[in-house]
Amino acid sequence: GATDLITYTLPGGTLGTNGQAIRITVGGTTAANANSKTTTVQFGATTLLTQTSTVSAASWRLVVEVLRTGATTQVASGEGAFGTALTTTSTAPAETLSGTIIIKATGTGGASADITQTYLLVEVIKP
């Protein structure tokens, strides 16, 4: 199963006004093997982006912006790079923004050290 890598708790009310957004950036490295490796970035109960590859000894990076459209509605889009493989996403989370929200990256590989996360950045973007 997936392993939680780095986790951050977004305080309730951080996105208090429609049009406010956050940018989530996560990244790390992969082991030097041909195992299948999957990384995700999650915003509460919503998986924003998933990327899978068998890339060996490479860097990975996922970047997603989440924009508040209502107290319990958002739109999200982003992209991921796993070595030279690129992935894009667009989704519509429905998290309750008045409460705390767990933001995290997960990793799944054939061995426990297949995916290493080195950073998780959360930037608040206000109009």
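The values are calculated or read from the model by the stated rules, or taken from the named source; none is laboratory data. Keep in mind that this is a model prediction, so the values were computed, not measured. In this analysis, Cβ positions are derived from the backbone assuming ideal geometry, glycine residues included, and neighbour counts consider all displayed protein chains. With ligands, DNA and RNA removed, areas are computed over all heavy atoms of the protein, side chains included. Shrake-Rupley method; radii C 1.70, N 1.55, O 1.52, S 1.80 Å.
Each residue in segment 9-44 was checked for being within 12 Å of ALA105 (Cα to Cα) and without any contact (Cβ under 8 Å) to a residue 60 or more places away in the chain, and 1 pass.
Let's see how each residue does on (1) under 18 Å from ALA2 (Cβ atoms); (2) not small (Gly, Ala, Ser):
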site	(1), (2)
GLY16	no, no
ASN33	no, yes
THR50	yes, yes
SER53	yes, no
ALA85	no, no
SER98	no, no
ILE102	yes, yes
ASP114	yes, yes
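What residue, among those in segment 59-75 that are open to solvent by less than 20 Å² (accessible area, probe 1.4 Å) and touching a Lys or Arg at 6+ places or on another chain (Cβ under 9 Å), is farthest from TYR119 (Cα to Cα)? Among residues in segment 59-75 that are open to solvent by less than 20 Å² (accessible area, probe 1.4 Å) and touching a Lys or Arg at 6+ places or on another chain (Cβ under 9 Å), the one farthest from TYR119 (Cα to Cα) is GLN74.
Candidates are the residues of segment 82-127 that are closer than 30 Å to ASN18 by Cβ and acidic (Asp, Glu); the one that is most open to solvent (accessible area, probe 1.4 Å) is GLU123. Evaluate the following for LEU97: is it in contact with a Leu (Cβ under 6 Å, 6 or more places away or on another chain) and either among the hydroxyl-bearing types (Ser, Thr, Tyr) or touching a residue at least 60 places away in the same chain (Cβ under 8 Å) (or both)? Criteria met by LEU97. Can you say whether SER77 is in a strand (DSSP E or B), in contact with a Gly (Cβ under 9 Å, 6 or more places away or on another chain), over 19 Å from GLY12 (Cβ atoms) and at pLDDT 95 or above, as far as the supplied structure shows? Answer is no for this residue. For ARG23, the stated conditions do not hold, so it cannot be described as out of contact with any Pro (no Cβ under 8 Å at 6 or more places or on another chain), open to solvent by 30 Å² or more (accessible area, probe 1.4 Å) and either more than 19 Å from GLY99 (Cα to Cα) or part of a loop (DSSP other than H, G, I, E, B) (or both).
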